[in-house]
1. Residue 130 - would you say it is farther than 20 Å from residue 363 by Cα, within 27 Å of the chain's Cα centre (by Cα) and surrounded by fewer than 19 Cβ atoms within 10 Å (Cβ to Cβ)?
2. Pick out, from segment 146-194, the strands (runs of 3 or more DSSP E) lying fully within it that include 3 or more residues that are buried (at least 19 other Cβ atoms within 10 Å of the Cβ).
3. Considering (1) more than 20 Å from residue 309 (Cβ to Cβ); (2) not in a loop (DSSP other than H, G, I, E, B), say which one residue 69 fails and leave the rest.
4. Restricting attention to segment 431-446, report how many residues are part of a helix (DSSP H, G or I) and under 25 Å from the mean Cα position of the chain (by Cα).
5. If you go through segment 354-370 one residue at a time, how many are under 12 Å from residue 77 (Cα atoms) and in contact (Cβ under 8 Å) with a residue 60 or more places away in the chain?
6. In segment 257-273, which residues are loosely packed, with under 15 Cβ neighbours inside 10 Å and either assigned to a helix (DSSP H, G or I) or at positive phi (or both)?
7. How about segment 196-240: which of its residues are free of Cβ contacts under 8 Å to residues at least 40 places away in the same chain and under 14 Å from residue 101 (Cα atoms)?
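The values are calculated or read from the model by the stated rules, or taken from the named source; none is laboratory data. Computed from a predicted model, the values in this text were never measured in an experiment. Positions of Cβ are backbone-derived with ideal geometry, glycine not excepted, and every protein chain shown enters the neighbour counts.
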C-alpha cells in the first residue's frame, strides 16, 4: 500500500502540483499508516498512574523469555553443534576416551552432521576431562588433526600442522581448572571446557585405496595421564554408511541439551553473562531444569525462531564483514572474516559466528590463514549467478577454469540447506573431487552439472532431489598463489535454459 501511494505522489508531482492530483477537499491525501506490529504494541504499552498494567507486565515478561531464548540459542550454537555430534555418536558407536569412530570408507549422506567432507577420511572422538582427568593423546607420525573444546574454541593442531610437525608425539590435555604440576615431555594444551573434540583427517590419492590413512589413525592412543598400562583398550568402530543423527536440535529440546552442558561443564568466567540469561530461563548449575508449560512453549518458539535466524544470516554476506565475498563480481561467500575466532580489533563478529556454526562444527586458525599450499579454503554459495536460491528441480552448471589452484586436491560438494548435512541424493557420495578424475573440457576447464537428471554420458554430475534446495562448497586443499591473487576465479553457478 505504501509503495503504491509513493508512486502516485511521485506521478502527481511530475505532472503539475496545481492540477489537484491526489487532493481531497483541497487537502493532500496522506499515505495510509502501516498496520501496527507486535513491536509497536510492546513499545507503546501505556503507563497508567506511573505504572504498567498487570496484563502488560505479563506480556513483556513473556517477550523477555522469548528474546532470551533466541539469544541464548544463537550464543550456544557452537555448544549445541558439539553436543549434537557427541551424543549422536555415543548413541551409535559407544562412549569413552578410548572410542574413536573412523569413517574408514569415507563419510556419506547417511551420517547426518553439519558440512562434512566426503573426500577425506574422518575420525571423530569425544573426551571428558572432568570424568577422566588430564588426558594423553599419542599421535602417530603422518597424522593431521585438530583439538577443539566444547565451545568450538580451538585448543591446538596436532600432527602435520601441529608442533610435532608430522613426526608424531605425545599431547597432554589439561582441564580448565587444573592446578597441579605440569609434567614435562608433552606438547601441553589447556582446554576451556572439560569436553574436548578429537578431529582427525586423513587424505588419500585413490578412492579405492583407503587403508593407509585409516592405519595411521588406528595407531592413536588416548588414556588418562599416568595410566597408560591400565587404560581401556582403544576401539576404532567403522562409522561409514551407518545411519547416525549427529545434528543439533532445531526446537525446544535444545534447552534440555544446554541444561546438560551447564550442569556438567566448567563455569568459564567469560560466559557469565550468557549463563545469567540461561539461569533466568531456569538453566542453572546444581538445579534441575523443569520449566512450566508456558515457559516450555516460549522456549520452543524461541529455539525455532533462532534456528531460522541463523539460516537467514547465513544466506547473504554481511556488510560489516571485510571480504565477505571472495570476489567482488562473484557469488562465492567467505565463511571467515579474516580469522577463525571471528574477532575484529575492537569487537567480535557475532553474526558471522552464528552463520558459520549454523552449518559447521569446527574451526582452526589454519582454516582462515591465507598461506600458500597450506590448509584449505571453502568458497560457498547458496545462490545462482542471478542471486536466486539453488533448487533441486532446476539444472545448473558450474565452470571451473583450468589449473584449479589446489596443491593437494579440490572438491565440489552439495549440501542440504536446512540441516547442513551432505545432500542425500542417491549417489555414493554427494561430491566430486580430483581423485574421481572428473572429465575436463578441451581447454582444460572442468564443468560440474547439478540437477535431478543426468546431463548425459561423460559429464560430471551431482544429482539434486527435485523437492529440495541445496548449497555448494568448493573446497581447495592447499590453495596456491593463483587463488589468493585471484588470477583464477570459479564461475558462478549458472541455471541452464529450459530448466
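1. Working: farther than 20 Å from residue 363 by Cα: yes; within 27 Å of the chain's Cα centre (by Cα): yes; surrounded by fewer than 19 Cβ atoms within 10 Å (Cβ to Cβ): yes.
Yes, satisfied.
2. Qualifying strands (runs of 3 or more DSSP E): 154-159, 169-174.
3. The failed condition is (1).
4. If we filter segment 431-446 for residues that are part of a helix (DSSP H, G or I), which is where we start, we get 434-436.
Narrowing further to those that are under 25 Å from the mean Cα position of the chain (by Cα): 434.
Selection size over segment 431-446: 1.
5. The number of residues fulfilling the criteria is 7.
6. Correct list: 260, 263, 269, 270, 272, 273.
7. Keep residues of segment 196-240 that are free of Cβ contacts under 8 Å to residues at least 40 places away in the same chain, which gives 208-209, 211-212, 215, 226-227, 229-230.
Hit for segment 196-240 is 215, nothing else.
Residue-wise test of (1) assigned by TED's automatic domain parsing to the domain that holds residue 149; (2) assigned to a loop (DSSP other than H, G, I, E, B); (3) touching a residue at least 60 places away in the same chain (Cβ under 8 Å).
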{"position": "290", "(1), (2), (3)": "yes, yes, no"}
{"position": "295", "(1), (2), (3)": "yes, no, yes"}
{"position": "301", "(1), (2), (3)": "yes, no, yes"}
{"position": "327", "(1), (2), (3)": "no, yes, yes"}
{"position": "331", "(1), (2), (3)": "no, yes, yes"}
{"position": "338", "(1), (2), (3)": "no, yes, no"}
{"position": "372", "(1), (2), (3)": "no, yes, yes"}
